[in-house]
1. What do you reckon, is residue 15 open to solvent by 40 Å² or more (accessible area, probe 1.4 Å) and at pLDDT 85 or above?
2. Taking region 76-90 as the search range and keeping residues that are open to solvent by 70 Å² or more (accessible area, probe 1.4 Å) and assigned to a loop (DSSP other than H, G, I, E, B), which one is modelled with the highest pLDDT?
3. Those residues that are open to solvent by less than 40 Å² (accessible area, probe 1.4 Å) and part of a loop (DSSP other than H, G, I, E, B), I need them from region 43-62; list them, please.
4. Considering only region 22-42, I want to know if a residue exists there that is modelled with pLDDT of 75 or more, in contact with a Cys (Cβ under 8 Å, 6 or more places away or on another chain) and open to solvent by 70 Å² or more (accessible area, probe 1.4 Å).
Amino acid sequence: MTECVRQFRPIIKPFRPGQQCCYDEKGMLITSGTGAGTPDKVNPFNPVRHFWEDYVPFVACGKGGMMDKYWEVRPPNKGKDPNGEPCPDNPTKLKKDGAVK
């Protein structure tokens, strides 16, 4: 199971794009492959442009079996957004037995 959170800094750097940060079942940041988060081209505070320029290409490539082309144009960015800001520490809390909630 992976868990993704959207990362961007609306107060510090308003109107700049962020990214999705995805973590594996052990809480480690996924930095490559299909489970890795994707960088945004448009800030989510502009929902129409964000939908058309970030969400639609991802879904269309996924449904069309063209994720290799998507990753070629928008490679996972090893945990940094387009502005060089890192993903936050995993916000998911661990249970006592070490399993991710």
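The values are calculated or read from the model by the stated rules, or taken from the named source; none is laboratory data. Here the structure is a predicted model, which means the values were calculated and not measured. As a convention, Cβ positions derive from the backbone with ideal geometry for all residues, glycine included, and neighbour counts pool all protein chains shown. The accessibility values were calculated without ligands, DNA or RNA, using every heavy atom of the protein model including side chains. Shrake-Rupley method; radii C 1.70, N 1.55, O 1.52, S 1.80 Å.
1. No, not satisfied.
2. Checking each candidate, the answer is 78.
3. Once the filter is applied, which keeps residues that are open to solvent by less than 40 Å² (accessible area, probe 1.4 Å) and part of a loop (DSSP other than H, G, I, E, B), region 43-62 yields 43, 44.
4. No, the conditions are met nowhere in region 22-42.
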